[in-house]
Structure formats: C-alpha cells, structure tokens
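Structure record follows, encoded as structure tokens.
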Amino acid sequence: MEQTLFIIKPDAVGSKCSGRILEMVENAGFRIIELRMFQFDSKTASEFYAMHKEKPFFNDLLTFVTSSKCIACVLEKENAISDLRTLVGETDPSKSPPATIRRCFGTDIQMNAVHASDSMENAKREIDILFG
Ligand code: CMP
C-alpha cells in the first residue's frame with residue numbers, strides 16, 4: 001500500500017483546524033499510520049524544503065514553518081500520493097477547487113494550511129526526515 005507524508009502547518013494548528021482537516025483526510029479513505037506533533041528547527045526545515053533553497057520565498061517559508069507547532073502524519077492508501085494532492089488542492093488556496101483542504105483552511109500562498117508529498121521519492125525522503 002502506498003504511503004505519503006502529510007503536515008498540518010503552524011497556521012492551521014494555531015487556528016484549531018487540525019481536527020477538521022484530519023476528519024477530511026480520514027473521510028477520503030486515508031489511514032493514519034503515524035502521527036506526531038512537533039516544531040521544525042531551522043536545520044530540519046532547510047533539509048525538508050531543500051528543493052526550494054534558491055526560491056525568493058525560502059527564508060520566509062523557514063520563518064513560517066518554524067514559528068510554532070505542526071502535526072505530521074504518515075498516511076496510507078492505494079494511490080495515496082496523487083489522491084492526497086487532489087484532496088489538498090493548489091499551492092495558492094484562492095486557486096484551489098472548492099472542498100479542497102487548502103481552499104477550506106488556507107490563508108494565502110505561504111500560509112496554505114498543509115503540506116503533501118509530491119512524489120514517491122519525496123514521500124520516502126520526507127518520512128525519513130520526520131519519522132526516521
Ligand atoms: P508546500 O506544499 O509545503 O511547499 C513549499 C511551500 O512554500 C508551499 O507549500 C508554501 O507554503 C510555500 N510557497 C510556495 N510558493 C510560494 C510563494 N510563491 N510565495 C510564498 N510561499 C510559497
């Protein structure tokens with residue numbers, strides 16, 4: 001069965017949306033295999049988001065994700081990576097279809113409520129970083 005990494009980011013944890021987000025995830029057929037509340041430190045966040053190192057938003061992204069606690073889950077389902085990306089929606093919540101997690105709970109392109117792995121390779125890498 002395919003696994004993927006899912007993170008509820010500081011904005012959504014802080015606004016007490018975690019329960020409703022996890023309910024959407026479970027209702028969409030995902031099984032929560034692992035779950036952990038944690039706070040990114042700068043080193044782990046830099047490693048986790050290494051592919052965005054050269055992007056203009058990288059420093060702001062690190063400040064945001066290290067600002068307070070996140071909830072990380074390993075989720076399992078057939079076709080988990082692609083199906084979770086569909087449930088999560090676009091990076092920009094305002095461009096996400098209705099009933100996606102980011103449309104329901106995101107604020108803007110940075111504070112977009114959640115993260116979902118974008119490939120099998122990244123799912124494995126991200127699960128190793130946070131649960132290895
Ligand atoms: P995520 O899917 O976790 O992957 C990278 C994150 O960087 C993204 O969600 C947003 O939180 C943030 N991000 C992506 N694009 C931008 C952007 N153009 N401006 C600011 N933040 C961004």
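All of the numbers you see were taken from the coordinates with simple rules; none came from a lab. Computed from a prediction, not measured in an experiment: that's the story for all the values here. Glycine gets a Cβ as well: all are built from the backbone with ideal geometry, and neighbour counts include every protein chain shown.
So what's the back-of-envelope 222 nm ellipticity for the chain, counting only DSSP H runs of four-plus at -39500 (n - 2.57) apiece and dividing by all residues, rounded to 500?
-11500 deg cm²/dmol
Taking amide H positions as placed 1.01 Å from N in the peptide plane, with prolines and chain starts having none, which residues 5 or more places from Phe30, or on another chain, fall under 5 Å of its amide H?
none
Stick to the Cα atoms of region 2-131, pair each with every other, and give me the Kirkwood hydrodynamic radius in Å at one decimal.
The answer is 14.5 Å.
What is the spin-label model distance, in nm, from Lys16 to Asp128 if the labels are put 7 Å beyond Cα along the C-beta direction?
Once both label points are built, they end up 4.0 nm from each other.
Arrange the peptides 113-124, 85-96, 24-35 so that the one whose residues have, on average, the most other Cβ atoms within 10 Å appears first.
113-124, 85-96, 24-35
Which distance in nm do the two modelled labels at Lys53 and Thr107 give, with both placed 7 Å along the Cα-to-Cβ direction?
Each label point is offset 7 Å from its Cα along the Cβ direction, giving 2.9 nm.
Got a sec? Charge dipole of the chain, +1 on Cβ for Lys and Arg, -1 for Asp and Glu; which of Leu75, Leu87, Ile101 is way out at the positive end?
With unit charges placed on the Cβ atoms, the residue in question is Ile101.
Please work out the C-alpha center-to-center distance from region 99-128 to region 23-78 and express it in whole Å.
Region 99-128 and region 23-78 have Cα centres spaced 7 Å from each other.
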